[in-house]
1. May I ask which residue of Ala43, Asn88, Ile154 lies farthest towards the positive end of the charge dipole of the chain, with charges of +1 (Lys, Arg) and -1 (Asp, Glu) on Cβ and the Cα centre as origin?
2. Under a GNM of the chain (C-alpha, springs under 10 Å), which listed residue has the highest mean-square fluctuation: Leu121, Leu75, Leu145?
3. Need the full-extension length gain, Ile97 to Asp26, defined as separation in residues times 0.36 nm minus the C-alpha distance. One decimal, nm.
4. Working out 0.36 nm times the residue gap between Leu118 and Ile144, then minus their Cα-Cα distance, what length gain in nm do you get to one decimal?
5. Could you size up the charge dipole of the chain around its Cα centre, putting +1 on the beta carbon of Lys and Arg and -1 on that of Asp and Glu, and report it in debye to the nearest 20?
6. Which residue, chosen from Ile66, Val16, Pro32, occupies the Cα position most advanced towards the positive end of the dipole of the chain, where the dipole is computed from +1 (Lys, Arg) and -1 (Asp, Glu) charges on Cβ about the Cα centre?
7. Pick out the long, greasy-scoring helices in the chain: whole DSSP H runs spanning 24 Å or more along their own axis by Cα, mean Kyte-Doolittle at least 1.6.
8. Ordering Met7, Met114 by how much accessible area each has at a 1.4 Å probe, largest first, what is the list?
Amino acid sequence: MKKLGTMTAIVVVSFVFQTSLFNFFDIFGTVPNISLILVVVFAMMSDGVTGGIVGIITGVLYDAMIYDVFGIYTLIYFIIGSVIGCYNGDMLSENNIAYCTITAVSTVAMHLFMYLILFFLKYRVEYAGSIISSIFLEVVINTILVVFVVKFIIFIFNKLNVK
């Protein structure tokens, strides 16, 4: 329970930074998605249930703050956290390449799910070709940042004696 509480606190703090501070540090109009990185990292460090719970918490925060339709981010983050958490036993979670690869795939999957859900809800979505470069840049940024986030999370867990 201490582990889930620590994860929730980190997700809430990162969400505050994501929605307020990181918007000033955009790179070519793209902001890193720290919340998605945390869902991936926590799902790889735990099981499918914990990954799903962290995904739901993160998604509810995003849906309540950012988007018009409630539940889209909750569904997407839940699916990503659950799937990664279910397969984390098959992955070598001490390897940074595994974190980078899963983060890159999750970033693409998040945008694909978002596009498909909004398309089927008949929202006016942009032509997909015009946002490919932005998605690619976010994949690169998230892939680089996940290495530092993993090291920071391990440091925090060691300081708080969370197993």
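The values are calculated or read from the model by the stated rules, or taken from the named source; none is laboratory data. In this text, all values refer to a predicted model and were calculated from it rather than measured experimentally. For neighbour counting, all protein chains shown are included, and Cβ atoms are generated from backbone atoms with ideal geometry for every residue, glycine included. Surface areas here come from the heavy atoms of the whole protein model, side chains and all, with no ligands, DNA or RNA. Shrake-Rupley method; radii C 1.70, N 1.55, O 1.52, S 1.80 Å.
1. Farthest towards the positive pole: Ile154.
2. Looking only at Leu121, Leu75, Leu145, the largest GNM fluctuation is found for Leu121.
3. My answer for the length gained is 23.1 nm.
4. Full-extension gain reported as 6.5 nm.
5. 360 debye
6. Val16
7. 96-120, 128-159
8. Sorted descending by solvent-accessible area, the residues read Met114, Met7.
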